[in-house]
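Working notes, structure below.
Bear in mind these aren't lab numbers, they're just calculated from the coordinates by the rules spelled out. Quick caveat: nothing in here was measured; it's all calculated off a predicted structure. Don't worry about glycine lacking a Cβ; one is built from the backbone with ideal geometry, like all the others, and counts go over all protein chains shown.
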Amino acid sequence: MTSFLIKKFVKNYQDVKNTTVRENYGTFAGVVGIIVNIILSIAKFIAAAISGFAISVIADSLNNLFDAVSSVVTFIGFKMSNKEEDIEHPFGHGRIEYISGLIVSFVIILVGFELLKESFGKIILPSKNSYSIISVIIMISAVLIKIWLGFFNNNLSKIINSKTLKATALDSFCDVVATSAVLLGLVFGILFNINIEGYTGLIVAAFIVYTGITAARDTLSPLLGEAPDKEYTENIKQTVLAHKGILGVHDLIVHDYGAGRKMISLHAEVSSDGDILEIHDLVDNIELELKAKFHCHTTIHMDPIDINNEFTNNLKAQVGEIITDIDKNLSFHDFRIVTGKTHTNLIFDLAVPFSCNIPIEQLKALIRQRVADINENYYCVIEIDRIM
């Protein structure tokens with residue numbers, strides 16, 4: 001059914017890299033969420049009225065109402081995130097999608113805490129409710145609809161790689177559990193005439209708070225600047241290295257300004273003996289290729305490498321053996337030698353993965369000592385690069 005709806009309501013649905021198409025997906029998800037959650041909220045309020053305004057059913061009704069509000073925020077967020085660049089925001093407005101997801105998360109958390117308070121009150125001072133089969137039927141229908149909505153949003157989140165829609169899908173699945181708890185309370189009331197609405201209300205509220213915290217964590221991460229996907233960066237490196245004349249790639253940084261708006265910067269090692277104009281032309285062509293292939297702006301810095309100096313190459317190989325002997329996951333680049341009257345500086349960047357347990361200063365001291373064992377006049381000037 002999801003595929004049918006996408007084909008019918010999302011224009012050019014296959015071109016998911018296009019920011020306009022991506023906006024259409026988000027808008028479509030927002031509209032569906034608004035309609036479904038408003039219907040569910042009204043239906044559950046009717047069920048609450050029939051059951052003597054049970055707090056757990058009212059809580060679940062309000063939860064759906066705020067889900068509708070969240071869908072409105074999602075709708076607006078996708079619309080605003082696709083705004084063109086301007087003088088104040090030269091990289092576009094793509095991060096508004098993350099901000100809208102964060103707003104949704106905070107609203108969910110506030111509602112959850114309010115319902116926790118109300119549920120505790122119902123446990124301390126329980127009230128007598130009237131239970132109805134009609135209420136049970138409404139709640140069963142709500143569970144089935146929410147299951148569908150959860151899978152609907154989850155499928156859309158995978159298609160366009162959206163953390164906001166993923167959070168919305170998670171919210172729907174948590175609603176399934178919450179509504180099931182309310183349903184259990186209604187069934188207990190009908191079969192055993194036992195009032196457990198305060199406890200089921202607590203379950204609903206706890207799931208709402210949990211959903212809000214989880215969604216906030218997922219949407220806050222890209223705002224803070226999360227690490228790029230390893231496969232994504234590896235594909236970029238291999239694309240650059242596939243060109244004859246590129247000897248190595250390092251210092252790759254991916255700047256995320258919202259879905260479909262990435263900026264890449266990297267250093268490409270080239271021979272210092274090459275024609276500077278030819279190399280510059282090569283780098284320009286690689287930048288254009290990366291833009292077309294990965295839908296990103298790219299800036300490449302050329303690092304000239306002296307590959308024909310036998311002394312430098314031999315010393316570089318020795319330093320490489322020392323570094324990998326300390327930790328096989330360590331690597332280095334931009335190696336060069338500056339010879340002086342009293343000592344010789346070996347200058348290079350050391351790439352240290354976050355998994356390395358050796359403190360940085362201790363690591364530097366260890367390398368310097370091992371290099372000094374080769375020649376006491378050698379001194380390492382080390383710049384640290386942290387990598388995944």
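Could you check the range 190-206 and list, in sequence order, the residues that are surrounded by fewer than 23 Cβ atoms within 10 Å (Cβ to Cβ) and part of a helix (DSSP H, G or I)?
Residues satisfying the conditions are Ile190, Leu191, Phe192, Gly198, Tyr199, Leu202, Ile203, Ala206.
For the condition more than 22 Å from Phe28 (Cα to Cα), in contact with a Leu (Cβ under 9 Å, 6 or more places away or on another chain) and not polar (S, T, N, Q), what is the one hit in Ala43, Ala47, Ala68?
Ala47
Inside the range 249-265, can you point out the residues that are more than 16 Å from Glu289 (Cβ to Cβ) and surrounded by 16 or more Cβ atoms within 10 Å (Cβ to Cβ)?
Within the range 249-265, His250, Asp251, Val254, Asp256, Tyr257, Gly258, Ala259, Gly260, Arg261 qualify.
For the structure I just gave you, tell me whether Ser180 is without any contact (Cβ under 8 Å) to a residue 40 or more places away in the chain, over 18 Å from Leu5 (Cα atoms) and of a type in the set (Gly, Ala, Ser).
yes
Could you check how many residues of the range 281-298 are surrounded by 13 or more Cβ atoms within 10 Å (Cβ to Cβ) and either of a type outside the set (D, E, K, R) or farther than 15 Å from Ile236 by Cα (or both)?
9
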